[in-house]
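To keep things clear, I will list the structure first and then write my remarks on it.
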């Protein structure tokens, strides 16, 4: 029996996105999470006595700020060398040969497959052949797998590939290929990287995205880790996800009933985080709150979001003891009519705001402009948390409704409304 680890997208020392600094937030624990995930990977490899480790691209997040990133990785690979465990790596779009300007000599147990042409590494003692090719540049538009070598007869053949198979949503189409062509290649296992959500595309042969080892922003929810594969006589027995992450991201829905103030909302928010901490085994959490209310409290929420944010931060910090981070508070409420003053200029203006609407032509133009702006964002931030496009006509209309409600509420208050 033989086991190996398939990992990908470690993004070592990647900055975590969207975490504002404030007192009581677990800054250092979150910042070092990608390194701790790598340490957990090495611990798992040593504990399970794996035969080898595969890394399917994006080991690094980009060029190193300094050599400490490379030194840390080399130290972890030395631990694997002392355990007699070889490591096979390909680079992806983030750590392509053209992206990394610094380098350090790695321990002799580490093999980085060539970026010039498809490469094959053999483990004759185990009957294993690993085929792969690193990215030479960040944007690889060719199907690299099409020119991978034929399977080695009599060996268990593994394809190591950083790719967007059949155009996975939310990911740039680098090294594009199709599931049918991967199946037809004749390999026994495809170890894929680039897509950060774990996904088993096929089990005959096994074609697997292991996902990334540590979530880095709010669109990477839930557990993250690697895949532990067990073979016997050249046949795959098990393909198991194993958790490696040390911090997680979560979304909490909190209702805001009528007549309840900040204290009640903050208490509900803290209770929601407490449930999430239990669910995620006490790991540090970065949490986005979605506050939903009835129309009566909608305007109050929209008019002073900063106040609600800080009340929730204070309650969560007090409850969690420094292991939960409030990433953002989003007001999410159903549209309602804007209260209006019966007479006077303010009342007329409120009524005009309430009745204002875009023509279909203007709406389409606004959608195009928002999409052009969003297209400049990193691919992982261009979709909603469930992987769907978020710049739709419905979403833009909802944003306009929120803007109208906020403006109306502030005008109403200025005119003496409660």
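List of remarks:
- Filtered residues of the range 155-187 (kept if surrounded by 22 or more Cβ atoms within 10 Å (Cβ to Cβ) and in a helix (DSSP H, G or I)): 182
- Output for the range 281-302, where each listed residue is out of contact with any helix residue (DSSP H, G or I) (no Cβ under 7 Å at 6 or more places or on another chain) and either over 12 Å from residue 324 (Cα atoms) or modelled with pLDDT of 95 or more (or both): 281, 290, 292, 294, 295, 296, 297, 300
- For the range 236-251, the set of residues classified as touching a strand residue (DSSP E or B) at 6+ places or on another chain (Cβ under 7 Å) and surrounded by fewer than 22 Cβ atoms within 10 Å (Cβ to Cβ) consists of 236, 237, 238, 239, 240, 241, 242, 243, 251, listed by residue number.
- The one condition from (1) surrounded by fewer than 22 Cβ atoms within 10 Å (Cβ to Cβ); (2) assigned to a loop (DSSP other than H, G, I, E, B) that residue 3 does not meet is (2).
- Test: residue in the range 223-230 that is outside any loop (DSSP other than H, G, I, E, B), more than 14 Å from the chain's Cα centre (by Cα), buried (at least 20 other Cβ atoms within 10 Å of the Cβ) and modelled with pLDDT under 95: no
The values are calculated or read from the model by the stated rules, or taken from the named source; none is laboratory data. This structure is a prediction, so every number in the text was calculated from the model and none was measured. Note that we place each Cβ from the backbone using ideal geometry, even for glycine, and neighbour counts take in every protein chain shown.
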